[in-house]
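S.K.: Take a look at this one; I'll ask things after.
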Amino acid sequence: MEGEPEPYTGISRIIGLLKILQEKGGSSDLYQLGIDLHLELGEELQIVRSAESLGFVDTPESDISLTPMGEEILRKDINGRKALIRERLLTIPIFIRAMEWLGKAAEESLSEETVKSLIGEQFPNEDVDSAFAMLVNWGRYAELLGYSAAREELYIDRGS
Amino acid sequence: MQLRNIARDFTRENRSTRAIDDVSLEVEEGEFVAIVGPSGCGKSTLLRILQGLIPPSAGQVLYRKVPQAGVNGDMAMVFQGFALLPWLSVRDNVALGLVARGPSALDIDRTVSFYMVKVGLEGYEEAYPRELSGGMKQRVGLARALAIEPRILLMDEPFSNLDALTSVTLRDEVLMLWKDPEMPVRTIVMVTHIIEEAILMADRVVVLSRRPTRVVREIPVDLPRPRNRKHPDFERLSDEIFSLIS
C-alpha cells in the first residue's frame, strides 16, 4: 500500500474521511467508524485530529460530526478545496509562525535545519520531524509553502 | 470503440493457452465503463489490447469504425503502480508523454501547467515522487495521462495501491475531471477488481469470467450521481456482480 505510514495525515485522507461521514448522514460513532474503515485506533485518531484542527469535524464525546465547513469543502471542486485548505492553514498556529519566520528571512526561505530548530523551540510539544513533514505537505497542497529537496529549504510559495 | 471477438493466447514452454476468448465489447463516446473480473482473468491485458499495446491473437479492435493499427494516440493510460520516473520532478514526470510527441517547449510548458492545476498539483512542481504520498503520486500519473489530451482515458486498477480514504477522494476527483467541460477526455474505461468502485463510478459494468476470459454480462448502472453506497439498488447491483464473478 502506497502513501502510508506517514508522520502526518495527507489531505486526501482527510477529505476521504469527510466523504465517508457525509455518506453516513453527517455523523458517526467514532468507534464504529474505525471498525467500518478498518483503521487502528491510533491511526483513526490521527486522521480525526487532523480534520478537527482544520475545522472540518467536531468530536463531541465519542462521536464525530461534519461541521458546516466540512460540508462546504465537499461541495467544492479540486481547486476550491485547495483554496479552502489554504484559508484554514492560515489559522493554525504552526503555519502562522512558519509564515512569519519565512517572511522575515532572506528570499523568504529557510533551511530545513533552521525551521526544525524553530519548531523545537516554539512548539516543544510537537514531534519536530512530523511537524516539518506536515508543513511541507499541507503547505505544498495549499500552495502556501514550497520545499526544495535539493537545497533542503522551505520557502513561501509565491507562484511562478 | 469496439472489440470484436477478441482472443489472446499465451505461449509457455511451447504450449499455447487461450487467456481471453471471444470478447466483444462496445464503448460509446462519453461513457464511463468499468471492467470487473476475478484476479488474473486478463482485465489488464484487455485494456492493453484496446490501446494497441498488445495485438490480439484473433479478432479486431475498431476505433471510430476503422480497424486500429498500432498504438492509439487518442488514448492514455493511468497505471496501478503510478509508473513515475523517480529521478524526474513532478513537473517533468507530467511532461513526459508530451515531450515524446514533439510540441514546442512553450506548448509543453503551457499544457503541463494547465493539467497540473486541473488535478490539483500546483505547488508540487519541483517535488520528486519519493516526497509524495500515494494519492499525490496517482495525481501525477493522472496529470501525465491527461496532458497528452486523450479522448479516451484507460485506467488500470488506478486506486488499488491507495489506502481506503485516499481512494474515496481520488475517485471523487476523477469523476469531477470526467465531467469538466475543459477536459478533452470524454470516455473512460477502468479496470478494477473492486465491485463497489465500479458501481460508484461507471455508467456500465462489464463482468468478465475466469480464464479463458469471456464477457459474462454487461450491467448498466442507472443510479443517480453522486452515488451513495446506502442506496437500496447499490447493494442489489453489488450482489448481482459478486454472484457472477464468484
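S.K.: With B:Ser167, B:Ser104, B:Ser113, B:Ser160 as the choices, which residue is hydroxyl-bearing (Ser, Thr, Tyr) and in contact with a Phe, Trp or Tyr (Cβ under 7 Å, 6 or more places away or on another chain)?
M.R.: Being hydroxyl-bearing (Ser, Thr, Tyr) and in contact with a Phe, Trp or Tyr (Cβ under 7 Å, 6 or more places away or on another chain) holds for just one of B:Ser167, B:Ser104, B:Ser113, B:Ser160, which is B:Ser167.
S.K.: Please pick out the residue among B:Ala58, B:Ala69, B:Ala76 that is more than 22 Å from the chain's Cα centre (by Cα), touching a residue at least 12 places away in the same chain (Cβ under 8 Å), under 29 Å from B:Phe10 (Cβ atoms) and away from every other protein chain (no Cβ under 13 Å).
M.R.: The match here is B:Ala58.
S.K.: Let me ask something else about it. Scan the range A:84-126 for residues that are at positive phi and either aromatic (Phe, Trp, Tyr) or buried (at least 17 other Cβ atoms within 10 Å of the Cβ) (or both) and jot them down.
M.R.: Matches in the range A:84-126: A:Glu108 only.
S.K.: Separate question: Do any helices (runs of 4 or more DSSP H) entirely within the range B:76-182 hold 3 or more residues that are farther than 28 Å from B:Glu196 by Cα, and if so, which?
M.R.: In the range B:76-182, the matching helices (runs of 4 or more DSSP H) lie at B:90-99, B:105-118.
S.K.: While we're here: Name the residue that is farthest from B:Leu162 (Cα to Cα), counting only residues in the range A:13-63 that are of a type in the set (D, E, K, R) and at the interface with another protein chain (Cβ under 9 Å from one of its Cβ atoms).
M.R.: If we take residues in the range A:13-63 being of a type in the set (D, E, K, R) and at the interface with another protein chain (Cβ under 9 Å from one of its Cβ atoms), then A:Lys24 is farthest from B:Leu162 (Cα to Cα).
Per-residue answers, yes or no, for (1) more than 8 Å from chain A (Cβ to nearest Cβ); (2) surrounded by 23 or more Cβ atoms within 10 Å (Cβ to Cβ); (3) touching a residue at least 40 places away in the same chain (Cβ under 8 Å); (4) under 15 Å from the mean Cα position of the chain (by Cα):
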position: B:Gly135; (1), (2), (3), (4): no, yes, no, no
position: B:Arg139; (1), (2), (3), (4): yes, yes, no, yes
position: B:Arg144; (1), (2), (3), (4): yes, yes, yes, yes
position: B:Met176; (1), (2), (3), (4): no, no, no, no
position: B:Glu182; (1), (2), (3), (4): yes, no, yes, no
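S.K.: Out of (1) closer than 29 Å to B:Asp9 by Cα; (2) touching a helix residue (DSSP H, G or I) at 6+ places or on another chain (Cβ under 7 Å); (3) of a type in the set (D, E, K, R), what's the single condition that is false for B:Glu173?
M.R.: (1)
S.K.: Which members of the range B:201-225 meet the condition of being exposed (fewer than 13 other Cβ atoms within 10 Å of the Cβ) and not in a strand (DSSP E or B)?
M.R.: B:Asp222, B:Pro224, B:Arg225 - these are the residues of the range B:201-225 that are exposed (fewer than 13 other Cβ atoms within 10 Å of the Cβ) and not in a strand (DSSP E or B).
Rule-based calculations on the coordinates, nothing more; no lab input. Since the model is a prediction, treat every value here as computed from it, not as a measurement. Ideal geometry is used to build each Cβ from the backbone, glycine not excepted, and the neighbour counts take in all protein chains shown.
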